[in-house]
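Student: If you scroll down you'll find the structure; I have some questions about it.
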Amino acid sequence: MKRTHPPALLLEQLALDELRGERRKALEQELGAETVAAAVAQLRADNAALAERFAPENLPSPTRLQQLAERARSSERSARMHRVDLVLQRLVLAGVVMLAVTSPMWLPGSGGDRALPADSAQGPALEPTRIKGGARLFAFRKRGARVDPLLPGATARAGDLLQLGYDAGGRAHGVLLSLDGRGVVTL
């Protein structure tokens, strides 16, 4: 495959007049003297523009550089704290939702067929509270064509295809949250 442009190292040597004699002639014969001259002229113009842009008089003062560095550090700290805040917010949200979903199970009188005993101070026994069914979560794992239910305590691995199901047990509302290994909460 024939080259159409001088290699970068040779181009730099040409621009600095460090490539002379037979090597320069061979390159000019291979690519053409005009192509080599144009590439060298372009590199020299690019170098001059960079030298102008980064000339000491065009650079910010040391004090300004310190201010810019501090602003960058502050911005990085702020972004890091924002990420921590998001994770904490998600964890708190997950905790609140889990508390809201499970709290009826902890409240007195929500445990099924319990009746308060008759007591002369309290009067006659209250009618028992009954919950038909109960909220249940179902998890299934698919491997190939086979689908297996996941039992409590089962573990899932990266790449497992899971499906969750939820039976509200006659309740009007229910919420499912997923907290993955990266700390991302999905509703």
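The values are calculated or read from the model by the stated rules, or taken from the named source; none is laboratory data. Being a predicted model, the structure only gives us computed values, none of them experimental. Positions of Cβ are generated from backbone atoms using ideal geometry, with glycine treated the same way; all protein chains shown enter the neighbour counts. Accessible surface areas use protein heavy atoms only, side chains included; no ligands, DNA or RNA. Shrake-Rupley method; radii C 1.70, N 1.55, O 1.52, S 1.80 Å.
Student: Does Ala100 meet the test of being open to solvent by less than 60 Å² (accessible area, probe 1.4 Å), more than 30 Å from Leu11 (Cα to Cα) and either modelled with pLDDT of 85 or more or in a helix (DSSP H, G or I) (or both)?
Tutor: Working: open to solvent by less than 60 Å² (accessible area, probe 1.4 Å): no; more than 30 Å from Leu11 (Cα to Cα): yes; either modelled with pLDDT of 85 or more or in a helix (DSSP H, G or I) (or both): yes.
No.
Student: Keeping to segment 1-25, report how many residues are assigned to a helix (DSSP H, G or I) and either exposed (fewer than 11 other Cβ atoms within 10 Å of the Cβ) or in contact with a Phe, Trp or Tyr (Cβ under 6 Å, 6 or more places away or on another chain) (or both).
Tutor: Applying the first criterion (assigned to a helix (DSSP H, G or I)) to segment 1-25 yields 8-15, 21-25.
Narrowing further to those that are either exposed (fewer than 11 other Cβ atoms within 10 Å of the Cβ) or in contact with a Phe, Trp or Tyr (Cβ under 6 Å, 6 or more places away or on another chain) (or both): 8-9, 21-22.
Of the residues in that region, 4 qualify.
Student: Considering each residue of segment 27-60, count those that are surrounded by 12 or more Cβ atoms within 10 Å (Cβ to Cβ) and either in contact with a strand residue (DSSP E or B) (Cβ under 9 Å, 6 or more places away or on another chain) or of a type in the set (Asp, Glu) (or both), and give that number.
Tutor: Counting residues in segment 27-60 that are surrounded by 12 or more Cβ atoms within 10 Å (Cβ to Cβ) and either in contact with a strand residue (DSSP E or B) (Cβ under 9 Å, 6 or more places away or on another chain) or of a type in the set (Asp, Glu) (or both) gives 2.
Student: Give the residues of segment 119-154 that are under 30 Å from Ser178 (Cα atoms), at pLDDT 55 or above and open to solvent by less than 70 Å² (accessible area, probe 1.4 Å), sorted by residue number.
Tutor: Those that are under 30 Å from Ser178 (Cα atoms), at pLDDT 55 or above and open to solvent by less than 70 Å² (accessible area, probe 1.4 Å): Gly134, Ala135, Ala139, Arg141, Gly144, Asp148, Leu150, Ala154.
Student: Hey, another quick one. Among the residues of segment 1-34, count how many are of a type in the set (S, T, N, Q) and at pLDDT below 85. Give the derivation first.
Tutor: First pass over segment 1-34, keeping only residues of a type in the set (S, T, N, Q): 4, 13, 29.
From what's left, at pLDDT below 85: 4.
Of the residues in segment 1-34, 1 are of a type in the set (S, T, N, Q) and at pLDDT below 85.
Student: Right, another one. Is it true that Thr63 is of a type in the set (Val, Ile, Thr), open to solvent by 70 Å² or more (accessible area, probe 1.4 Å) and at pLDDT 55 or above?
Tutor: Numbers: of a type in the set (Val, Ile, Thr): yes; open to solvent by 70 Å² or more (accessible area, probe 1.4 Å): yes; at pLDDT 55 or above: yes.
Yes.
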